[in-house]
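The values are calculated or read from the model by the stated rules, or taken from the named source; none is laboratory data. Owing to the predicted nature of the structure, the values given are computational and were not obtained by experimental measurement. Cβ coordinates were reconstructed from backbone atoms using ideal geometry, including for glycine residues, and neighbour counts include every protein chain displayed.
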């Protein structure tokens, strides 16, 4: 075995380990595990959420582009987690990223957690609710100023609460 083959095999091993660890993390989160304040069993999550919201929040699915009614939601208010009602984003930081998903350039303090995601083979930053561990979407570094962040979220993982 030469050096090139050895490096290639090592690369495959790293990607496989990242994929397996991601699946274990998501399984733990989907089954109500993890260190989250709001925990439900899988059966309770299925009863609480629509099948599509369950697929996104608990199984890290992605909704179809341009399918969310929240794309056109620009009233004053707050976007909260559809699983546990925790406020996640202010309407003041919502913008049209032209990606087909509700997008924000900042998150409310301590509302979300970031973790690496290698599900598609390339590294991404997954965004989860810090209260229930639900998958909300992904963050990218091609957003507008002042943060440069694009929080590209699944509308099925959010609910809008208008300002009083």
Taking region 56-101 only, how many residues are buried (at least 17 other Cβ atoms within 10 Å of the Cβ), touching a residue at least 60 places away in the same chain (Cβ under 8 Å) and within 14 Å of the chain's Cα centre (by Cα)? 12
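A quick yes/no check of all residues on (1) touching a strand residue (DSSP E or B) at 6+ places or on another chain (Cβ under 7 Å); (2) assigned to a helix (DSSP H, G or I); (3) at pLDDT below 95:
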| residue | (1), (2), (3) |
| --- | --- |
| 46 | no, yes, no |
| 54 | no, yes, no |
| 57 | yes, yes, no |
| 63 | no, no, no |
| 75 | yes, no, no |
| 92 | no, yes, no |
| 100 | no, no, no |
| 106 | no, no, no |
| 109 | no, no, no |
Between 147, 125, 141, which is more than 16 Å from residue 56 (Cβ to Cβ) and free of Cβ contacts under 8 Å to residues at least 12 places away in the same chain? 141
Please pick out the residue among 116, 123 that is more than 22 Å from residue 65 (Cβ to Cβ) and surrounded by fewer than 16 Cβ atoms within 10 Å (Cβ to Cβ). 116
From the set of residues in region 133-149 that are in contact with a helix residue (DSSP H, G or I) (Cβ under 8 Å, 6 or more places away or on another chain) and in a loop (DSSP other than H, G, I, E, B), which is nearest to residue 95 (Cα to Cα)? 134
